[in-house]
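One structure is given here, and the rest of the page talks about it.
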């Protein structure tokens, strides 16, 4: 199978090398290195204060690193050091090839404008200008994330938490990014709403062959969505590997503690 | 004949850090191979490490030392040291695993749960669903259940869905962890038939089966796991 062989030989999309961040004497993130490949879902797990959100900010170029570097292979195939990108280039990357799904949808959406505009805005930012096509594409995406088209002109502030989160996902995916960062995307949702969202994300990720870096403290989320997992503690990656391997056969004391702390369903 | 699975001198010990770091030796010196078209059954009492060996061959458990040789697309790969993404590729193209329990994904219809391994390998959805239907039919899952998620099915039904999902692919290696445990006689017979078909197609299999009669029907060779007992 040709496409499968290609999968084994392709180049990484994002490479982190010895990434560190300290605030004065406090090291929030120490010496993190890994490579992420197209279509690969990497979960970063650990408790509050482990440095996982700081790492996500470093990887997405929202925070300057104290040491190390992040390189990203642009659509032209050339890997670029994120620190050398200009502000305009970085913003363009964020609008096109990257998505960022926040835990709080209010951070990733414009709450007072319509759902259709929230999705359409990303398209306009990349140069779409035909109103009809923008609206069609926006409707199409609302359907894909299971939002009733009848609600297209309503603002997300009138939406439930689960709908807002699905709208945020539509807004991020409409430009067909290759890499999406997610920060606790199911964090504030009820369990039943979580399950629906996870299922949706899981199928979209596979369908669109998305690479995802997802920060979560919920190991069930990591198990359902990710191929690989990195366990963080005290700003360091203490264990990493295939998700089912790390969760079913954890090696480090801290990972064993995390795994054993899950309540059986 | 070139072996599909070649396990050599593999050791596994669990270190339980939360219990004061006690060590639980599972197996040591595990050595055996499986040829194409052959079904090797692991035997030994509960706790002897049969499931752990199966999980190591699938890359679900790590091994502390030794080699898990897998013939993947014509080349021998050591799964014990392979990168995560290579393990995933090997699972997609080479090794299938039928676990004891179905890990149900919420909201996905039974027919799609079964068809998924074929779709992942590039077969068109309709064709994959047709083949899934044939297999579900053989395993006596009534058609009215196919569009429902298997989460609410009985234990035996879930296991048959699991078996269908495991047997649908044309993967050259299959690992079977008690595939007939909660099945009635008619469905056990279907599984025996499916195993025989896989043998004729040259699939290499490793199985754990407690039922003596089934073991007798599917095993070409028996590997006694107690000979790999780790020195406690």
Please work out which one of (1) facing chain A (nearest Cβ under 10 Å); (2) in a helix (DSSP H, G or I); (3) in contact with a helix residue (DSSP H, G or I) (Cβ under 6 Å, 6 or more places away or on another chain) is the condition residue B:116 fails and give its number. (3)
If residue B:187 satisfies every condition in (1) farther than 17 Å from residue A:203 by Cβ; (2) surrounded by fewer than 18 Cβ atoms within 10 Å (Cβ to Cβ) but one, which is the exception? (2)
If we keep only residues of the stretch B:99-108 that are surrounded by fewer than 17 Cβ atoms within 10 Å (Cβ to Cβ) and more than 12 Å from every other protein chain (Cβ to nearest Cβ), then the residue farthest from residue B:176 (Cα to Cα) is B:101
Within the group B:96, B:66, which residue is more than 9 Å from every other protein chain (Cβ to nearest Cβ) and either outside any strand (DSSP E or B) or within 17 Å of residue B:14 (Cα to Cα) (or both)? B:66
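Among what's in the stretch B:2-28 and is at positive phi and at pLDDT below 95, pick the residue that is surrounded by the most Cβ atoms within 10 Å (Cβ to Cβ). I'd like the intermediate steps shown before the answer.
Going through the stretch B:2-28, the residues at positive phi turn out to be B:9, B:20-21.
Those still in the list that are at pLDDT below 95 too: B:20-21.
Working: B:20: 6, B:21: 9.
The extreme case among them is B:21.
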Contact list please: Cβ distance under 6 Å, first residue in the stretch B:72-91 and within 11 Å of chain A (Cβ to nearest Cβ) and buried (at least 18 other Cβ atoms within 10 Å of the Cβ), second residue at pLDDT below 95 and in a helix (DSSP H, G or I), pairs at least six apart or on different chains. B:89/A:8
Pick from the stretch B:134-152 the residues that are surrounded by 18 or more Cβ atoms within 10 Å (Cβ to Cβ) and without any contact (Cβ under 8 Å) to a residue 40 or more places away in the chain: which of them is farthest from residue B:119 (Cα to Cα)? B:141
If you go through the stretch A:227-261, how many residues are surrounded by fewer than 21 Cβ atoms within 10 Å (Cβ to Cβ), assigned to a strand (DSSP E or B) and out of contact with any helix residue (DSSP H, G or I) (no Cβ under 8 Å at 6 or more places or on another chain)? 1
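Being part of a loop (DSSP other than H, G, I, E, B), away from every other protein chain (no Cβ under 14 Å), modelled with pLDDT under 95 and crowded, with 18+ Cβ neighbours inside 10 Å, is that true of even one residue in the stretch B:35-58? Can you show your working first?
Taking the stretch B:35-58 and keeping what is part of a loop (DSSP other than H, G, I, E, B), we get B:35-38, B:44-49.
Pick out the ones that are also away from every other protein chain (no Cβ under 14 Å) and you get B:35-38, B:44-48.
Next cut, modelled with pLDDT under 95 only: B:44-48.
Add one more test, that the residue is crowded, with 18+ Cβ neighbours inside 10 Å, and what stays is B:44, B:48.
Within the stretch B:35-58 (the criterion being part of a loop (DSSP other than H, G, I, E, B), away from every other protein chain (no Cβ under 14 Å), modelled with pLDDT under 95 and crowded, with 18+ Cβ neighbours inside 10 Å), the answer is yes, since at least one residue qualifies.
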Scan the stretch B:153-164 and give yes if some residue there is under 14 Å from the mean Cα position of the chain (by Cα), in a helix (DSSP H, G or I), touching a residue at least 12 places away in the same chain (Cβ under 8 Å) and within 14 Å of chain A (Cβ to nearest Cβ), otherwise no. no
Could you look through the stretch A:207-227, keep only residues that are within 14 Å of chain B (Cβ to nearest Cβ) and within 14 Å of the chain's Cα centre (by Cα), and pick out the one that is farthest from residue A:101 (Cα to Cα)? A:227
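The values are calculated or read from the model by the stated rules, or taken from the named source; none is laboratory data. Predicted, not measured: the structure shown is a model, and the values here were computed from it. Using ideal geometry, Cβ is built from the backbone for each residue, glycine included, and neighbour counts are taken over all protein chains shown.
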